[in-house]
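Read through the structure below, which is laid out as structure tokens, and then see the notes.
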Amino acid sequence: MGAICAQTRMDEGGVATYLWTMSLAVKSGHPLPREGLVRRPRLLAKLTDEGDAPLLVIVAPAGYGKTSILTDFTAAERRRPSAWLALEQWHDDDPILLIRDIAACLADLGCVPGILHDAFDATHSARELTAMLPLLAATLEQLPHPILLVLDDVHNVRSAPALAVLTTVAEHLPLGSQLALASRTRPALPLGRLRAHRSLVELDVLDLAMTSAEAASLMETSGVPVEPADLLMLLRSTEGWPAGLYLAALSVRDQPDADAALRCFSGRDHLVADYLREEFLSELHAEDVEFLIATSVSEYLCAPLCDALLDTTGSARTLDGLSRGPLPLTPVDRTHDRYRLHPLLREMLLGELRHSHPELEERAHLRASVFHARQGDFDSAISHAVAAGDATRAGELLWEHLPSYVTVGRNDLLRGWLRRFSTNQISANPPLALTAAHSALALGDLRQAEHWGLMGAAALARSTAPPRVASLPAGVAVIEAAVSRSGLGSMGRDAARAFELEREDSPWRPIFSLLQGVADHLTGHRLQAREHLENGIHRSSIAAPTIETLCLSQLAMITVEEGDWERSVDLVARAVSQIEFYNLSSYPSSALAYAVSAEVRSHVGQVDEGKRHARRASHLLGELRDFIPWYEAETRITLARAAVRLADVRSARTLLAEASQLARRVPDAVLFAGWLDEAWGLVDTAATTALAGPATLTMAELRILRFLPTHLSFREIGERLHVSTNTVKTQAHAIYRKLDVRSRSDAVTRASDIGLLER
């Protein structure tokens, strides 16, 4: 009806007046609350709690429930009469018609004297605007009582004269009145001053996005109750967009397996796609739609990237224009240089590109990969190369930046990329195959590492062209050295040769330093080992923290042998700190660091920390799959020594039995024999102590032992037994010595284990 009014001249007499009156009757009535809508009291509370703010502005794309929220707000209003006006395109963009509509709403509230209403109802003429704005301002300032004026669909007001009308209303409503605006785009009003004076309440997409409780209620009301995990997934895909959640419910409600359908829900669902086309794309120019489709390969958009994708210029102007429209295209930085489409809209657009121009999608991904690589954003560069299905480019990028993934706790991301390629594609591509090998090595899967290492070496040997990326032979050497089929001596020599072949700043040099250090240490050359390990620590502290933790742990084992426990504590503390900082605690390769830490901390009396790290090391050892023999053997021996100190003799025996078998596979590790003999001696001594120590407890000590599990202090125990506090202390420490423990809690645990106390 508003479109008819906009096209009908007001000076045509009664017909125009009739049409305008009918239109206003429809658009100025308060919307009725709809059945089945989810009530959102948190948003209503935010509006009502700021009841003194003269301006309320709600800005969000279609489908976020702006009208519903304002309906609830006006329904809850008890202090002031309210008027509602839904603005219409073409009609209310005319300033004179907009003033007439506002005047009619004020008249309905009994707030406009007849003479002023007659003036507003005068002949339509743009020339009268300069006279009517002051008249409107005076009318608003003379309102007999405060009011609430709600203007919905403010995005339909675009012309400067019509915006001047809204500005006049916003600036001249009297104290106690409120103007509430709802719009799909941010209205071009002088909001800065009101915001600075805290006279403005704003709700945007982040406020209007549904919470998990609201989303669950909506799905339940729509007949599709969902499990918490599925709801979380749905909230991520829709980002809490109410319309998206409702469309998801409609889409899966009649499916035979609603849960499975919900997990597959995306912007390509026909219900969603139809809604998005009608609400967001139908009013755009064709070239803008093509722009959005062609750039949909990227999650984030910026002008230089869009220019690169389209091989053109001028994308900055297009992005700026689109961001000011009703699209869910939001800036992701304060400078508005980068934007992001709602994921459902992007999925729909990407589906259009994939269906209509699959060759353009591949080309766009490759252009995006090149662009991001030049910007130094290698995560995005690799992601786009993988999405394009280009095994060659993906392999080269992955190999070039491999240490920044497998050595800093990002191996899961790398493995996700590898899964996008077939076994044949990986086998035929040396960088991809060696990437897969080193990823498996980081996970403690030696068989997979060896398999892919052989595939990579074979593919490299078959290639007639020189490799386009460096260090491929070094990558093969690392796998061969780690497997160490020819022993530690061969591993050390191979690592030394590969170290010399690599450039000074090569990310592979720290790994070769580690392998040389391990080989020298286990074959009895401690001084050389220390030099290589310290070199590895220096080279890997930032670029390869996984290698740093292994070098620190191996060096800590040397300081333990030398009896320098203070230095050992420092080394293991640094290793564990790096593991925790880079989220490496789930990496099986971290088992050695935790085992050495458990031994060192148990020796210096940090029993609780020692026990915690021993448990972690045991868990990670269980994750290893037929891993490097020398690594598993030394980790088990170290953990066994810690277990003895922590009074877990049974675990120590098991660990040493396993380590003995593994040590046979590394015959040139000459230190293993001495370590094993020493550790078995500790186990035998602990076993003897476990039998003899408790048997020597005196009756007085046994009486003290009964009180150790209680909360009583030594003084209170002495009062119960009528002895001095010093006597209790002396006898308690005798108990600790005979049970071979270091604390009261450990004494209770040990006594319970051997039956001296009930559990």
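For residue 611, a cut-off of 13 angstrom between C-alpha atoms picks up these aspartates and glutamates, skipping any fewer than 8 places away in its own chain: 599, 648, 746. Counting only aspartates and glutamates at least 8 places from residue 66 when in the same chain, those with an alpha carbon closer than 14 Å to its own are 152, 153, 202, 204, 207.
For the chain, give the magnitude of the charge dipole about the Cα centre (Cβ charges: +1 Lys/Arg, -1 Asp/Glu; no others), in debye to the nearest 20.
For the chain, the charge dipole is close to 2700 debye.
Toward the positive end of the charge dipole of the chain, about the Cα centre and with charges on Cβ (Lys, Arg +1; Asp, Glu -1), which of 375, 697, 142 goes farthest? Highest projection toward the positive end goes to 697.
Less than 5 angstrom separates the built amide H of residue 82 from those of 148, all sequence-distant by 5 or more or on a different chain.
Here the label points at residue 207 and residue 324, each 7 Å from Cα along the C-beta direction, are separated by 2.4 nm in the simple model.
Helical runs (DSSP H, four residues minimum) scored at -39500 (n - 2.57) apiece and divided by the length of the chain put the mean residue ellipticity at 222 nm at -19500 deg cm²/dmol.
Given their separation in residues at 0.36 nm each and the Cα-Cα distance between them, residue 577 and residue 719 gain 46.6 nm when the chain is fully extended. Mean sequence separation of contacting Cα pairs (under 8 Å, at least six apart), scaled by the length of segment 346-477, corresponds to a relative contact order of 18 percent.
Remark: the residue 250-residue 264 segment gains 3.7 nm on full extension, using 0.36 nm per residue and subtracting the alpha carbon distance. What separates the Cα centres of segment 220-255 and segment 531-548 is a distance of 49 Å. Classification of segment 579-664 by its C-alpha gyration tensor yields an oblate form. The axis ratio a/c (a ≥ b ≥ c) is 1.5 or more, and b/c is at least a/b.
Calculated on the Cα set of segment 282-439, radius of gyration then Dmax: 16.9, 52 Å.
Mind grabbing the base-10 log of I(q)/I(0) for the chain at q = 0.10 Å⁻¹? Debye formula, identical points on the C-alpha positions, no solvent, two decimal places. Here log10 of I(q) over I(0) equals -1.03. Normalising the Debye intensity of segment 412-540 to I(0), with uniform scatterers on Cα atoms only, and taking log10 at q = 0.09, 0.12 Å⁻¹ returns -0.27, -0.47. Restricting segment 352-450 to trypsin sites (Lys or Arg not before Pro) that sit in a DSSP loop and have at most 16 other Cβ atoms within 10 Å of their own Cβ leaves 410, 419, 420.
Simple spin-label estimate for residue 684 and residue 447 gives 3.7 nm between the two label positions (7 Å along the Cα-to-Cβ direction from each Cα). Computing FRET efficiency as 1/(1 + (r/R0)^6) for residue 623 and residue 79, where r is the C-beta to C-beta distance and R0 is 56 Å, gives about 0.30. In whole percents, the pair-distance distribution calculated for segment 253-359 from its alpha-carbon pairs, binned every 10 Å from zero, is 14, 45, 29, 10, 3. Short to long, the 10 Å bins of the Cα pair-distance histogram for segment 172-265 hold 14, 37, 18, 18, 11, 2 percent of all pairs. 3J(HN,Hα) along segment 487-494, derived from phi through the Karplus expression 6.51 cos²θ - 1.76 cosθ + 1.60 where θ = phi - 60°, amounts to x, 5, x, 5, 4, x, 5, 4 Hz, with x in place of Gly and Pro.
Relative contact order for the chain: 7 percent, from Cα pairs under 8 Å spaced at least 6 residues apart, divided by residue count.
Would you please report the Å³ per residue occupied by the convex hull of the alpha carbon atoms in segment 391-430?
On the way: hull volume 2.4 nm³, N = 40.
Considering the Cα atoms of segment 391-430, their hull volume per residue is 60 Å³.
Applying 1/(1 + (r/R0)^6) with r as the Cβ-Cβ distance of residue 363 and residue 608 and R0 = 35 angstrom yields a FRET efficiency of 0.05.
Find, among the GluC sites (Glu not before Pro) in segment 231-336, those assigned to loop by DSSP (not H, G, I, E, B) with at most 14 other beta-carbon atoms within 10 angstrom.
Numbers: sites: 239, 278, 279, 283, 287, 290, 299; in loops: 239, 283, 299.
Filter output for segment 231-336: 283, 299.
Set the Förster distance to 30 Å, then compute FRET efficiency between residue 289 and residue 336 from the Cβ-Cβ distance, nearest 0.05. Calculated value: 0.85. Gain on full extension, evaluated as 0.36 nm per residue between residue 370 and residue 422 minus their Cα-Cα distance, stands at 16.4 nm.
No lab work stands behind these numbers, since they all come straight from the coordinates. If you're wondering where the values come from, they're calculated on a predicted model, not measured in any experiment. All Cβ positions, glycine included, derive from the backbone under ideal geometry; neighbour counts span all protein chains shown.
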